[in-house]
Amino acid sequence: MQKVGVIPGDGIGPEVVREARKVLDVACERCGASIDFEEFPLGAAHYLRTGEVLADETVSRLGEKHAILLGAMGDPRVRPGVLEKGVLLRLRFHFDQYINLRPVQLFEGVPGPLAGRDRKVDMTFVRENTEDFYVGLGGRVGRGRSRTDLDLVRRAYEAKFDVGIDLRDEDELAFQIGVVTKGGADRVVDFAFGLAKEKGLRLVTSVDKANVLTEVYGLWREAVERASKRHGMDREFLYVDAVALHMVRSPERFGVLVTPNLFGDILTDLGAALQGGLGFAPSGNINPGGVSMFEPVHGSAPDIAGKGLANPVGAILSSALMMKALGHPEAAKDMERAVRDVLAGGRHMTADIGGGASTSAVGDAVASRLRSM
Ligand code: NAD
Ligand code: IPM
Ligand code: MN
């Protein structure tokens, strides 16, 4: 018996997770996997009722699971960051899910923005998931803070840059720093090369901004260089701004990309757009030796929540990634094929891509296609 913790979360989270569960039930039946699903009611409602974001005890109960399936976190009634950092990022960091795997594929039948241009979209982002500007190191100085703090920052700034900083006494300043460690970069870059090899590719694209953020991404590049030699494979270094351009102009040039955390976040929303929309994009927060967590790339989409409009495909494909990680690769493949078949059929599309089908109608169609395979 395998154990999965399910966190439906906020907004459309519960709506899309319900559909993923439908498809998972059929997948388990077909492959004989026995999985016990336990729901954890985390998110805005829980926080507003109890004042608690995520109890330590809940974290340790999640730690006993073989995997976690999550919908989305974030609610307009709660200050930005409270739930996103307090639940999502805390779990990614706590379980050391250092790989954020985000495949980007445009499926037949889906009217992507590049439709008619005959462009192949099939790339995989390996996003570093526990470092960079996500480490939460930073602070604010100024209003309501001590003069000493302000003077300290002023002196540090001047010593480093040899220029003055225009900070009047009543001014305010905020800073947040990015961190890349050798070990942190090595392990995720190594995974990316391994994945590229598995896919029969010879090249990994590394994304950074080493022309400006020379310290952190200088170290990042050294890790890519080392892994390229170790694996006997090629690497290319591209700046993040250029990657954004190439993704739109010639997406077919990309196979496996490895990116620091923040750039990976941004580029995978662009990737989702190439797939036809955020509703199509799956992801896995992976610790190969620990508890991994699977979730669609999109957020809680408060603008469409509760209306049955959400596209559940990203959540269903995330649960397929989970089945693969749980040791059921055939089931995962079949789930993905069922999604492909339904999309190619063209009858079961949600409103985000111009269709009229509801969230549950798409889930039903995928589940029944899978059952009939
Ligand atoms: P979002 O991804 O929720 O929505 C962006 C746009 O895409 C919206 O117009 C939305 O309607 C649309 N969209 C998203 N998912 C869709 C789907 N499955 N089907 C159809 N349309 C879909 O991003 P946002 O609006 O910037 O953020 C809303 C909240 O979600 C915020 O609190 C944010 O912090 C949070 N968030 C959470 C996650 C996560 O839990 N992994 C990811 C991103 C944002
Ligand atoms: C994502 C989200 C999260 C991130 C936020 C909600 C913390 O945007 O999963 O892409 O930035 O990683
Ligand atoms: Mn994001």
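The values are calculated or read from the model by the stated rules, or taken from the named source; none is laboratory data. Not measured: the values here are computed from a predicted model. Neighbour counts run over all protein chains shown; Cβ positions are idealised from the backbone, glycine included. Surface areas here come from the heavy atoms of the whole protein model, side chains and all, with no ligands, DNA or RNA. Shrake-Rupley method; radii C 1.70, N 1.55, O 1.52, S 1.80 Å.
The figures follow:
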read-out	value
The range 241-345 - convex hull of alpha carbons, volume per residue in Å³	142 Å³
For the range 181-308: rounded, prolate or oblate by the Cα gyration tensor [a/c cutoff 1.5]	prolate
Between the range 274-289 and the range 349-373, the alpha-carbon center distance in angstrom	19 Å
Descending Cα extents along the principal axes, the chain, whole Å	70, 53, 40
GNM result for the chain, Cα springs below 10 Å: residue of Ile99, Ile316, Ile353 fluctuating most strongly	Ile353
Spatial separation of Cα centroids for the range 108-139 and the range 203-273, in angstrom	11 Å
Full-stretch length increase - Asp186, Met373 - with 0.36 nm per residue and alpha-carbon distance subtracted	63.2 nm
Using alpha-carbon coordinates, inclination of helix 13-31 to the longest axis of the chain, degrees	50 degrees
The chain, accessible surface, carbon-and-sulfur percent (1.4 angstrom probe)	52 percent
Protection proxy ranking, peptides 180-192, 73-85, average beta carbon neighbours within 10 Å, highest first	180-192, 73-85
Solvent exposure of the chain as accessible area per residue, Å², 1.4 Å probe	45 Å²
The chain, relative contact order [Cα under 8 Å, separation at least 6], %	25 percent
Pair Glu222, Lys199: separation of 7 Å Cα→Cβ label points (nm)	2.8 nm
Listed pairs Lys22/Lys199; Lys3/Lys229; Lys120/Lys209; Lys307/Lys333; Lys197/Lys307; Lys3/Lys120 exceeding 32 Å between Cα atoms	Lys3/Lys229; Lys197/Lys307; Lys3/Lys120
Burial ranking of peptide ranges 28-35, 125-132, 319-326 (average Cβ count within 10 Å, highest at the top)	125-132, 319-326, 28-35
Length released on extending from Arg30 to Ser60, taking residue separation times 0.36 nm less the Cα-Cα span	7.7 nm
Ranking by accessible area, most exposed first, for Tyr217, Tyr134, Tyr239 with a 1.4 Å probe	Tyr239, Tyr134, Tyr217
Two-site FRET efficiency, Gln2 against Glu172, from Cβ-Cβ distance with R₀ of 41 Å, rounded to 0.05	0.20
Sequence-separation-based contact order of the range 1-99, relative, with Cα cut under 8 Å and 6+ spacing, percent	41 percent
Length-normalised contact order of the range 32-157 in % [C-alpha pairs under 8 Å, at least 6 apart]	18 percent
Residue-span extension gain [Asp303 to Glu252] - 0.36 nm each, minus C-alpha spacing	15.1 nm
Probe 1.4 Å, all protein chains present, accessible-area order of Glu15, Glu215, largest first	Glu215, Glu15
